[in-house]
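The values are calculated or read from the model by the stated rules, or taken from the named source; none is laboratory data. Since we're looking at a predicted model, the values are computed, not measured. FYI the Cβ positions are ideal-geometry reconstructions off the backbone, even for glycines, and counts take in every protein chain you see. SASA here: full protein model, heavy atoms, side chains in, ligands and nucleic acids out. Shrake-Rupley method; radii C 1.70, N 1.55, O 1.52, S 1.80 Å.
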Amino acid sequence: MADYLGEFEHLVLLALARLGEDAYGVTIRATLVERTKRNPSFGAIYSTLRRMEDKGLVHSFVGEAKAVRGGRAKKYVVLTPRGRAAMREAHAAVVRMAEGVSLK
């Protein structure tokens, strides 16, 4: 069964692909703000990440605790192969739909 993505899920997966191993809440949001000119809340990002982790599209892990963060560790997120496949299929669907459509 295909993993259908909502628009925001698709954007978050693209941010993860762009960020690679440096993807965590702050960098994901910064990438979304910079690239989409939107201001998603951290709550929207984290709830989307949780939902996508439940679907097997992403995997999260806790990094090392840092003194500069008051001893707190960052929670990193990476794409799974299933998430990468869903991102590719969502992109292909958008390209197919836009084919031949005038965007003027």
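List of remarks:
- The residues of region 1-54 that are open to solvent by 70 Å² or more (accessible area, probe 1.4 Å), part of a loop (DSSP other than H, G, I, E, B) and touching a helix residue (DSSP H, G or I) at 6+ places or on another chain (Cβ under 9 Å), listed by number, are Y4, R38, N39.
- In the condition set (1) touching an Asp or Glu at 6+ places or on another chain (Cβ under 7 Å); (2) modelled with pLDDT of 95 or more, L11 is compliant with all but (1).
- Residue in region 80-90 that is touching a strand residue (DSSP E or B) at 6+ places or on another chain (Cβ under 7 Å), in a loop (DSSP other than H, G, I, E, B) and modelled with pLDDT of 95 or more present: yes
- If you go through region 35-60 and keep only what is in contact with a Lys or Arg (Cβ under 8 Å, 6 or more places away or on another chain) and of a type in the set (S, T, Y), you end up with just S60.
- L32 among the hydrophobic types (A, V, I, L, M, F, W, C) and either in contact (Cβ under 8 Å) with a residue 60 or more places away in the chain or touching a strand residue (DSSP E or B) at 6+ places or on another chain (Cβ under 8 Å) (or both): no
- The number of residues in region 55-70 being in a strand (DSSP E or B), modelled with pLDDT of 95 or more and small (G, A, S) comes to 1.
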